[in-house]
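Structure record follows, encoded as structure tokens.
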Amino acid sequence: MSNPVNHGTLVGRLARDPIRFNNSDGSQKVVFTVFADRDYKNAQGEALSDAISVEAFVRKETAFEETPFAKIHQGDKVALSTTLRLDSYLRNGENIFDLKVVVEKVTFLDSLQVTQARLAERVAAAEQTNQAARAAVPAQAKALVGAQSSPIGSELPFG
């Protein structure tokens with residue numbers, strides 16, 4: 001663990017599946033967004049949440065599939081142990097300071113059954129969308145072929 005003063009816990013649901021980037025040194029960077037609920041409601045009685053972008057790093061010696069980042073998906077409720085890191089760099093001659101939330105540990109707050117059920121629903125919905133798209137393609141192709149008539153077709157000797 002890093003400096004205990006620079007340490008926090010973030011609890012929320014993933015906005016989408018984590019995105020993985022390969023670094024030139026063989027390590028990987030994982031980026032995802034967590035929706036964290038606020039402790040209060042607004043004047044209309046609605047509970048608000050904040051979208052917080054986080055990142056994590058996987059060493060080149062570690063297989064990505066062995067990390068918790070390979071097992072979390074959109075909608076999963078997690079508790080993240082985090083630290084803050086300030087990156088600074090030059091862009092067009094100007095100093096840029098970028099504060100990042102870096103994940104050190106992931107704790108799953110949903111049961112495996114709940115997570116698997118949510119994932120199964122997503123897979124089923126995607127399959128239905130794919131089947132509908134496949135069914136629409138032949139109908140569109142027939143409409144295009146039927147709408148096109150060749151002026152040469154009547155002049156061919158074998159037609």
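The values are calculated or read from the model by the stated rules, or taken from the named source; none is laboratory data. Since we're looking at a predicted model, the values are computed, not measured. Ideal geometry is used to build each Cβ from the backbone, glycine not excepted, and the neighbour counts take in all protein chains shown. Note: areas computed on protein heavy atoms with side chains; ligands, DNA, RNA excluded. Shrake-Rupley method; radii C 1.70, N 1.55, O 1.52, S 1.80 Å.
Among the residues of region 60-71, some residue qualifies, meaning at least one is modelled with pLDDT of 90 or more, open to solvent by 80 Å² or more (accessible area, probe 1.4 Å) and touching an Asp or Glu at 6+ places or on another chain (Cβ under 7 Å). Among the residues of region 20-30, are any within 23 Å of Val114 (Cα to Cα) and open to solvent by 40 Å² or more (accessible area, probe 1.4 Å)? Among the residues of region 20-30, not one is within 23 Å of Val114 (Cα to Cα) and open to solvent by 40 Å² or more (accessible area, probe 1.4 Å), which makes the answer no.
Note on region 72-83: among residues that are in contact with a Lys or Arg (Cβ under 6 Å, 6 or more places away or on another chain) and open to solvent by 20 Å² or more (accessible area, probe 1.4 Å), the one that is modelled with the lowest pLDDT is Gln74. Residues that are out of contact with any Leu (no Cβ under 7 Å at 6 or more places or on another chain) and open to solvent by less than 50 Å² (accessible area, probe 1.4 Å) were ranked within region 6-19; the one that is nearest to Lys100 (Cα to Cα) is Gly8. For region 32-51, taking the residues that are more than 21 Å from Arg118 (Cβ to Cβ) and among the aliphatic types (A, V, I, L, M), the one that is least open to solvent (accessible area, probe 1.4 Å) is identified as Leu48.
Among the residues of region 64-121, those identified as in a strand (DSSP E or B), within 21 Å of Ala36 (Cα to Cα) and of a type in the set (A, V, I, L, M, F, W, C) are Val78, Ala79, Leu80, Leu84, Leu99, Val101, Val102, Val103, Val106, Phe108. Mind checking whether some residue in region 90-104 is free of Cβ contacts under 8 Å to residues at least 12 places away in the same chain, touching a strand residue (DSSP E or B) at 6+ places or on another chain (Cβ under 8 Å), of a type outside the set (A, V, I, L, M, F, W, C) and closer than 21 Å to Asn23 by Cα? No, that holds for no residue. Considering region 84-110, and only residues there that are under 20 Å from Lys71 (Cα atoms) and among the acidic types (Asp, Glu), the residue that is modelled with the lowest pLDDT turns out to be Asp110. The set of residues from region 66-100 being within 14 Å of the chain's Cα centre (by Cα) and on the phi > 0 side of the Ramachandran plot comprises just one member, Gly75.
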